[in-house]
1. What order, most packed first, do the peptides 103-113, 544-554 have when packing is the mean number of other Cβ atoms within 10 Å of each residue?
2. Extending each Cα 7 Å along its Cβ direction at residue 119 and residue 37, get the distance between those two points in nm, one decimal.
3. Give the separation of the Cα centroids, the range 90-109 to the range 337-392, in Å.
4. Taking the Kirkwood radius as the inverse of the mean 1/r across Cα pairs, report the Rg/Rh of the range 270-355.
5. How many nm is it between the label spots at residue 95 and residue 239, if each spot is 7 Å from the Cα in line with the beta carbon?
6. Sort the following peptides by mean Cβ neighbour count (other Cβ atoms within 10 Å, averaged over residues), highest first: 296-304, 622-630, 325-333.
7. Using Cα centres only, tell me the gap between the range 460-500 and the range 205-225 in whole Å.
8. Based on the Kirkwood radius over alpha-carbon pairs, what is the Stokes-Einstein translational diffusion coefficient of the range 214-305 at 4 °C with 1.567 mPa s viscosity, in µm²/s?
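Coordinate-derived values only; no laboratory data. Computed from a predicted model, the values in this text were never measured in an experiment. FYI the Cβ positions are ideal-geometry reconstructions off the backbone, even for glycines, and counts take in every protein chain you see.
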Amino acid sequence: MKTPVGVLVILCTLLSPGLVLVSPVSADDTSPPTLVKATGTAGTRILTVVFSERLGAGAETAANFHVYLTDDSSTTVPGAPTWIRDAEVILGMADRLGGYTSYTVEVSGVEDLAGNVIAPGSTVSFTTGELDVTPPVLLSASGMADGNQVTVNFSEPVPGGDTQASNYRVYPSGDPDSPLTVYGAIRYYGVVTLTLTTKLAGNTAYTVEVSNLTDLAENVIAPNSTAGFTTGPAAPRDVTPPSILSVTGAAAADEVHLVYSEWMGIGATNLHRYHVYPSSDPSSPLTINSAQGYLDHLTLTLASNLLPQTAYTVAVESVEDLAGNVIAPNTTAGFSTGPGDVTPPELVRASGTALSNTVTASFSEPVGAGAADPANYRVYPTAEPSTDLGVSSVTAAGSSAILTVGTALVGTTSYTVEVSGVADLAGNPIAAHSTAAFTTGVAIGSRGNQQAAVVALHAQAHASKTLDCGGLDPSLPCGRFTTTWPVDSAADVYMVVALADPVYGVSGVSLGIRYATEGTLADGAGCDVLGYTACSDLEYTNSPDGNPAHEFPYSGGGNRFIWVRTDNCRRTEVPPYGVQAVACVFYVYAYGPDLFSVDMNRNLATGAEFQVVDCPGPSISDLEWPSHAGVIGFGQEGYNPCVASLPVVNTTWGRLKNQYQ
């Protein structure tokens with residue numbers, strides 16, 4: 001991470017205004033909270049009030065706070081709570097604080113977590129320092145040949161207007177009348193990254209011109225402030241058009257898979273640029289419903305299944321690689337289907353948990369006929385085959401079937417699932433009396449129930465200025481996540497809880513993030529987070545050194561992502577890959593080789609955590625690190641924990657249960 005020029009306190013809404021994250025408190029707490037101090041900087045609109053303990057009800061109510069000039073209590077200074085965090089309330093003031101001025105904050109009606117109310121009319125005072133009248137200064141700018149981003153550094157944070165693209169001009173220094181279009185500006189601490197619609201030329205001097213920006217004290221930068229930089233030599237341009245390396249399809253399947261010679265760009269997922277037809281009958285093309293691709297792979301989904309023992313041709317037109325080279329006109333590639341699916345499905349595993357009335361049966365492939373018929377299943381204690389638990393209903397989807405049994409499962413007991421009469425989508429029946437055994441753990445609530453959950457990372461091309469929690473294709477199995485990405489490029493990186501048991505779902509995850517750290521790489525090397533969006537209902541961040549500016553997603557920061565388990569438990573199943581809960585999305589730019597890794601949440605007084613919380617208990621599973629943690633390799637190989645997950649050790653996370661009620 002590049003060293004920031006200044007530390008910028010951003011009043012964001014990752015947490016809803018007025019929301020307080022709480023932990024269980026002692027029932028013996030009868031002491032009301034007290035005021036510790038208040039602080040504010042001259043020229044800003046931010047006033048911080050610190051209490052003696054973590055806060056509960058009333059901290060979000062504006063009427064409970066009264067700010068006035070200390071020497072004139074009748075002079076009210078309007079302000080309202082903007083952000084509540086632990087024992088701290090930040091008030092957003094209607095007017096800027098004056099220089100060398102004494103203010104008093106009077107508080108009533110605010111409670112701690114145990115419901116004790118602060119003494120009415122409690123006060124604390126502070127005096128501001130010298131009023132900041134010095135405008136910010138544009139210090140430097142930098143950019144690389146063939147890149148479309150420019151980094152701008154200021155003498156101090158400039159939150160007033162720094163994300164407004166129209167406040168910037170970038171142009172060749174020798175041609176001010178030919179500016180490049182700036183369509184995005186992203187703030188990260190004291191640095192602003194501009195995104196251009198065109199790439200920078202090699203060995204060229206550029207000028208960045210800035211206007212209308214203000215610092216925290218609302219001092220305006222000098223109009224038309226400029227800073228220059230010169231790009232290095234451009235990399236040799238890719239002039240080789242893409243080609244098709246392979247195309248495959250299977251009988252009775254509705255998908256055709258293409259592999260290109262390189263990563264693809266414009267047009268690659270436009271279904272109208274593809275044609276699939278029997279090689280013997282080009283005038284009878286098959287209908288294509290969709291085209292989905294990642295990197296050099298593309299999948300065409302057809303409206304009908306491919307026939308067995310048939311030769312097909314795929315024709316491609318007008319698709320481009322990332323350098324804009326267009327595939328050769330009239331490009332075609334062929335494949336032949338085999339005899340069709342003649343392999344019967346297999347029962348590969350079964351699972352169930354103590355005190356539950358559900359058992360999950362997993363097959364080697366998607367199943368169809370007979371899969372939802374309870375009469376085709378038996379569940380019994382392995383040691384007592386004659387004791388049938390009775391299957392009352394079955395919910396089948398993809399390659400899984402969830403069985404509801406008449407008797408709750410007993411803890412630490414081996415059970416057997418027996419299946420007959422179930423066929424795959426091609427009609428092949430499973431071997432009669434196929435069996436799979438499993439052993440239950442202990443009862444819900446005393447130990448975690450997620451035996452195979454992992455936290456995986458997936459990188460894909462940066463889509464737009466806005467990070468979209470729903471931008472990850474829900475049909476993409478985590479076993480095919482992209483974990484290697486080139487340097488000198490941007491990526492949207494999704495952090496996903498995967499391989500979790502959908503019976504229990506996911507209501508929380510505790511983890512950390514680690515990549516290029518201060519002092520280990522020079523400025524402009526490694527990867528950096530230029531944008532971040534949390535996708536959970538709540539999050540609880542921390543930093544390795546107690547500095548709020550170094551909290552997640554700063555390298556080394558930790559976080560607990562929380563979904564309200566009663567209303568928003570994550571149970572969406574992508575068979576046979578379990579639950580996929582998107583915790584957050586990062587906008588990452590790789591300046592050089594680096595590893596972007598899921599880490600343990602290491603900054604807690606109670607020790608490091610790498611844990612998943614389920615919904616029914618709630619109870620906690622301690623995941624194994626690093627085997628269950630994903631890594632994106634920029635310019636090098638990454639790691640996908642979905643490919644081979646290992647057993648986990650479970651425990652109870654009692655001290656955070658109240659957050660999941």
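1. Working: 103-113: 20.4, 544-554: 17.5.
With the highest mean Cβ count within 10 Å placed first, the list reads 103-113, 544-554.
2. So the two model labels end up 2.0 nm from each other.
3. 66 Å
4. Details: Rg = 18.2 Å, Rh = 15.7 Å.
That ratio equals 1.16.
5. So the two model labels end up 6.8 nm from each other.
6. Numbers: 296-304: 16.1, 622-630: 20.7, 325-333: 14.6.
Ranking, from highest mean packing down: 622-630, 296-304, 325-333.
7. Comparing the Cα centres of the range 460-500 and the range 205-225, I get a distance of 35 Å.
8. Working: Rh = 17.3 Å.
Approximately 75 µm²/s, per Stokes-Einstein.
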